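So the structure is just underneath, and the comments pick up after that.
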Amino acid sequence: MGSKYHEKVSNIKTKLSLILADIVTANELALEAFKTLDFTKFKEAETILSKIGMKADEVDNEIIKAFALFGPEANELRFLIAFLKMTNELVGIGDNIKKYARRMNEHLHSQCNLEEFKSSIILLHKSSLNALKYILECFGDLHACSYEDSYRKVLVEESINDDLFAVLEKELLSKVIEEKELSVDYVKVLGTLRKLERSCDRSVNIANLMMYAEQGGEIQLFK
């Protein structure tokens, strides 16, 4: 492929990396907001992610143009297909974090007592955030990235995330039984925490797509 094609792909990579960086930043703000009860940071997180859908659409359009203009083959084609699927995963993660920030802000102003769950929620959030950071590190230099190593690291975080969510789910459902007057509120808290769990699953999907782009084979995404 010529220099124009490589310039186009480099531009796509840069835009994807910026979207991912925004998601990481918003995620960090939401975590800090929960830890310190600085509610303004929840709003900041939502603001950062407010246009993520539009940014992802721009990337998709650039990828489609690359297909149309250059007719890439083999390895180049796999990367473009992977990038096209990544935008969907990134939008999903961004939406999850936006909803988490908005809803957690509401929960912390409700009558629910989340103090006894605080340490576990922080660990759950950190595992979801760590998975994204590993992917962002890889995007810093896709040529030097060890895709298999990155994938393993993300899988470890996803396993930790699943275990933590299972514990929190059990504890919150017990709270639903104990405090019937607040049962609906605690069920909503559980739904909010599931946004972090789903985000981590989507991070595994992105790591999987990166493996596909590099090595080929079949794309196997988690649902």
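Just one of the numbered conditions (1) among the aliphatic types (A, V, I, L, M); (2) crowded, with 16+ Cβ neighbours inside 10 Å; (3) under 17 Å from the mean Cα position of the chain (by Cα) is not true of ILE122: (2).
Of the numbered criteria (1) open to solvent by 60 Å² or more (accessible area, probe 1.4 Å); (2) within 17 Å of the chain's Cα centre (by Cα), the one ILE64 fails is (2). In the range 128-153, the residues that are in contact (Cβ under 8 Å) with a residue 40 or more places away in the chain and open to solvent by 60 Å² or more (accessible area, probe 1.4 Å) form no Cβ pair under 9 Å with any partner that is among the basic types (Lys, Arg) and not in a helix (DSSP H, G or I), whether six or more places apart or across chains. Residue count for the range 154-184 satisfying the condition of being open to solvent by 50 Å² or more (accessible area, probe 1.4 Å) and in contact (Cβ under 8 Å) with a residue 40 or more places away in the chain: 3. Looking across GLU44, GLU89, one residue alone is at pLDDT 95 or above and closer than 30 Å to LYS4 by Cβ. It is GLU89.
For ALA21, the criteria (1) among the small types (Gly, Ala, Ser); (2) under 23 Å from ILE121 (Cα atoms); (3) at pLDDT below 90 hold in every case but one, which is (3).
The criterion of being at pLDDT below 95, among the charged types (D, E, K, R) and in a helix (DSSP H, G or I) does not hold for LYS35.
Contact map, the range 208-223: residues that are modelled with pLDDT under 75 paired with residues that are of a type in the set (Ser, Thr, Tyr) and surrounded by 15 or more Cβ atoms within 10 Å (Cβ to Cβ), Cβ distance under 9 Å, separation 6+ or inter-chain. Pairs shown: GLU218/TYR212; ILE219/TYR212; GLN220/TYR212.
When the helices (runs of 4 or more DSSP H) confined to the range 105-223 are screened for residues that are within 30 Å of ASN75 (Cα to Cα), in contact with a helix residue (DSSP H, G or I) (Cβ under 6 Å, 6 or more places away or on another chain) and among the hydroxyl-bearing types (Ser, Thr, Tyr), those reaching at least 3 such residues are found at 147-178, 183-215. When ALA45 is tested against (1) surrounded by fewer than 21 Cβ atoms within 10 Å (Cβ to Cβ); (2) under 16 Å from LEU129 (Cβ atoms), exactly one condition is not met: (1). Only a single criterion out of (1) of a type in the set (Gly, Ala, Ser); (2) at pLDDT below 95; (3) under 23 Å from the mean Cα position of the chain (by Cα) is not satisfied by SER183, namely (3).
The values are calculated or read from the model by the stated rules, or taken from the named source; none is laboratory data. Just so you know, these numbers come straight off a predicted model, no measurement behind them. So basically every Cβ, Gly included, is an ideal-geometry build from the backbone, and we count neighbours across all protein chains shown. Surface accessibility is based on the protein's heavy atoms, side chains included, excluding ligands, DNA and RNA. Shrake-Rupley method; radii C 1.70, N 1.55, O 1.52, S 1.80 Å.
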